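Remarks on the structure that follows.
The values are calculated or read from the model by the stated rules, or taken from the named source; none is laboratory data. These numbers were taken from a predicted model, which means no experiment stands behind them. Note: ideal-geometry Cβ built from the backbone for every residue, glycine included; neighbour counts use all protein chains shown.
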Amino acid sequence: MIALFIFTPRFWQAYLSTFTIVFENRATNLARPVPWPWTINYRALTWPWRLGSFLTGTIFLAAPLTLLATMLVMLLRRGIEQRLKPLLACTLIGLPYLHHAFARADLYHLAQAIHPTLLALIVILSLFTSRLLTRSVAVAGLFLVTLFTAGLHAPAAEYALSKQRWVKCHVQSDTLLLPQSLANFINAVTQLG
């Protein structure tokens, strides 16, 4: 980084401008409204996206409630047993991580911040059940939630659900299959060069 400051023209000014923007806007990011389950227009969506949007909104609701409830239970206990220490660690780490998810409330930021909460849920599940069937159902449920939230945004799933929005795009000697909007962007950029 220091080498970039020294040898790259105007890099230092560009670097400093990122901080001035933060101070001028008094925010670190462009905020987005939280997609609470009751604020989503489900009529405009097809069935897998309806389910995915509902589950995303439910996760935005359940994640902080789970961590706050866990924190409250920990505070009301006299001492922390050895088996609860991983849960305490996940909770203490998970709350600041959720700030990242809520700073720009979308699935991408939620996916980056959800890991401590998922670990806390796994620890909670292991504390309350020892039956293999119950744990297997919980893992299958977690898989389905992941499939209908983050999985819907995987390129293969997007292509399978909306083939008509994908077009061939020629980039140098390669032909790529891309969403129409991305192909338009790449074509515009290549025309500039």
Next item on the list: May I ask you to say which residue of THR56, THR66 is over 13 Å from the mean Cα position of the chain (by Cα) and among the hydroxyl-bearing types (Ser, Thr, Tyr)?
Entry: THR66
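For every residue, the table says whether it meets (1) of a type outside the set (S, T, N, Q); (2) under 21 Å from SER53 (Cβ atoms); (3) free of Cβ contacts under 8 Å to residues at least 40 places away in the same chain.
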{"site": "LEU65", "(1), (2), (3)": "yes, yes, yes"}
{"site": "THR70", "(1), (2), (3)": "no, no, no"}
{"site": "LEU125", "(1), (2), (3)": "yes, no, yes"}
{"site": "ALA138", "(1), (2), (3)": "yes, no, yes"}
{"site": "LEU152", "(1), (2), (3)": "yes, yes, no"}
{"site": "HIS170", "(1), (2), (3)": "yes, no, yes"}
Notebook entry, point to check: For region 101-122, how many residues are touching a residue at least 12 places away in the same chain (Cβ under 8 Å) and touching a helix residue (DSSP H, G or I) at 6+ places or on another chain (Cβ under 6 Å)?
Noted result: 8
Item checked: Restricting region 135-190 to residues that are in a helix (DSSP H, G or I) and polar (S, T, N, Q), the residue that is surrounded by the fewest Cβ atoms within 10 Å (Cβ to Cβ) -> GLN164
Margin query: Quick test of your reading of the structure: LEU110 fulfils all but one of (1) in contact with a Lys or Arg (Cβ under 7 Å, 6 or more places away or on another chain); (2) assigned by TED's automatic domain parsing to the domain that holds LEU45. Name the failing condition by number.
Written below: (1)
Margin query: Quick check on this structure: which one of ALA44, ALA14 is outside the structural domain of THR146 (by TED's automatic domain parsing), farther than 21 Å from LEU119 by Cα, out of contact with any strand residue (DSSP E or B) (no Cβ under 7 Å at 6 or more places or on another chain) and of a type outside the set (Lys, Arg)?
Written below: ALA14
Check: Of the conditions (1) touching a strand residue (DSSP E or B) at 6+ places or on another chain (Cβ under 6 Å); (2) outside the structural domain of SER181 (by TED's automatic domain parsing), CYS169 fails just one. Which one is it?
Finding: (2)
Next item on the list: Check off (1) of a type in the set (S, T, N, Q); (2) outside the structural domain of GLY57 (by TED's automatic domain parsing); (3) over 30 Å from TRP47 (Cβ atoms) for THR129 and give me the number that stays unchecked.
Entry: (2)
Next item on the list: Would you tally the residues in region 84-134 being modelled with pLDDT under 85, assigned to a loop (DSSP other than H, G, I, E, B) and more than 25 Å from LEU72 (Cα to Cα)?
Entry: 2
Margin query: For region 19-41: of the residues being modelled with pLDDT of 90 or more and assigned to a helix (DSSP H, G or I), which is surrounded by the fewest Cβ atoms within 10 Å (Cβ to Cβ)?
Written below: TRP38
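Being in contact with a helix residue (DSSP H, G or I) (Cβ under 9 Å, 6 or more places away or on another chain) and loosely packed, with under 15 Cβ neighbours inside 10 Å is true for just one of ARG77, ARG10, ARG50. Which residue is that? Please lay out each step first, then the result.
Details: ARG10 fails: in contact with a helix residue (DSSP H, G or I) (Cβ under 9 Å, 6 or more places away or on another chain); ARG50 fails: loosely packed, with under 15 Cβ neighbours inside 10 Å.
So the residue among ARG77, ARG10, ARG50 that is in contact with a helix residue (DSSP H, G or I) (Cβ under 9 Å, 6 or more places away or on another chain) and loosely packed, with under 15 Cβ neighbours inside 10 Å is ARG77.
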Notebook entry, point to check: If you check ALA62 against the conditions, is it among the aliphatic types (A, V, I, L, M), in the same structural domain as HIS153 (by TED's automatic domain parsing) and under 24 Å from ALA150 (Cβ atoms)?
Noted result: yes
